[in-house]
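The values are calculated or read from the model by the stated rules, or taken from the named source; none is laboratory data. Since we're looking at a predicted model, the values are computed, not measured. In this analysis, Cβ positions are derived from the backbone assuming ideal geometry, glycine residues included, and neighbour counts consider all displayed protein chains.
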Amino acid sequence: MTKQTVLVVDDELAIRDMLRMALELSGYEYLESENIFDAHRIVLDSGPDIVLLDWMLPGGSGIELLRRLKQSEVTQNIPVVMLTAKTTQDNIIQGLDVGADDYITKPFAPRELIARIKALLRRSQPSEESSLVEVKGLKIDLAARRGFIDQRPLDLGPTEFKLLHFFMSHPDRAYTRSQLLDHVWGTNVYVEERTVDVHIRRLRKALQSSGADYSHLIQTVRGTGYRFSEQE
């Protein structure tokens, strides 16, 4: 079973070390950052299952990162727990209004935090039904990492699967090649934009099968890039 990943964003080394030990002992993969800029890159590149976010950080507050994550359709469903010494009701309301899923004040007991993480992850786990994404006869199974057209398996490489999943999860919106590179390949991967065109061609080819052709769903948007749409 794949371990769930927790990203800790805190500028205090002692707190990060304490949380690393507690999380790894509880069976989680651990990622860390001490500022919001590196943290945002890690979120896009690694897709953690949950983020533990300090309020006060160098170069910008945790609230800024929280707002950015919750405003993006790519990251808005990642649960975020605010870790902070701020205890006034106004601060708590502000954090929750921006989109924090939970709030814990320093100092805190690691066991309490682990319990809250487990509760949030249980609530955010996709159901068996929601692990399937379907558009008419085109379907992808997230758990099995496989695609199907009318029950026939598609010949999809890992990148084509990720690309199709992203498109099907964000229909009727045009994305530039640069945006697709960030969302599908990750911001820390340096490849040329024409790489996107190569994988788009492979994906379109995979979406063509005997008796059914879904390649038209991957549409070229002149002057922009690509979109996934059922509309002509």
### Task
Among the residues of segment 19-33, count how many are among the hydrophobic types (A, V, I, L, M, F, W, C), under 21 Å from the mean Cα position of the chain (by Cα) and within 15 Å of ARG116 (Cα to Cα).
1
### Query
Within the bounds of segment 88-100, is there any residue that is outside the structural domain of ASP172 (by TED's automatic domain parsing), within 30 Å of HIS165 (Cβ to Cβ) and β-branched (Val, Ile, Thr)?
yes
### Wholly within segment 135-232, helices (runs of 4 or more DSSP H) carrying at least 1 residues that are touching a Ser or Thr at 6+ places or on another chain (Cβ under 7 Å), in contact (Cβ under 8 Å) with a residue 12 or more places away in the chain and surrounded by 15 or more Cβ atoms within 10 Å (Cβ to Cβ)
194-206
### Message
Tell me the residue from TYR175, TYR214, TYR190 that is of a type outside the set (Gly, Ala, Ser) and modelled with pLDDT under 85, please.
### Response
TYR190
### Message
Looking at the structure I just gave you, is PRO79 under 23 Å from ALA143 (Cα atoms) and touching a residue at least 40 places away in the same chain (Cβ under 8 Å)?
### Response
yes
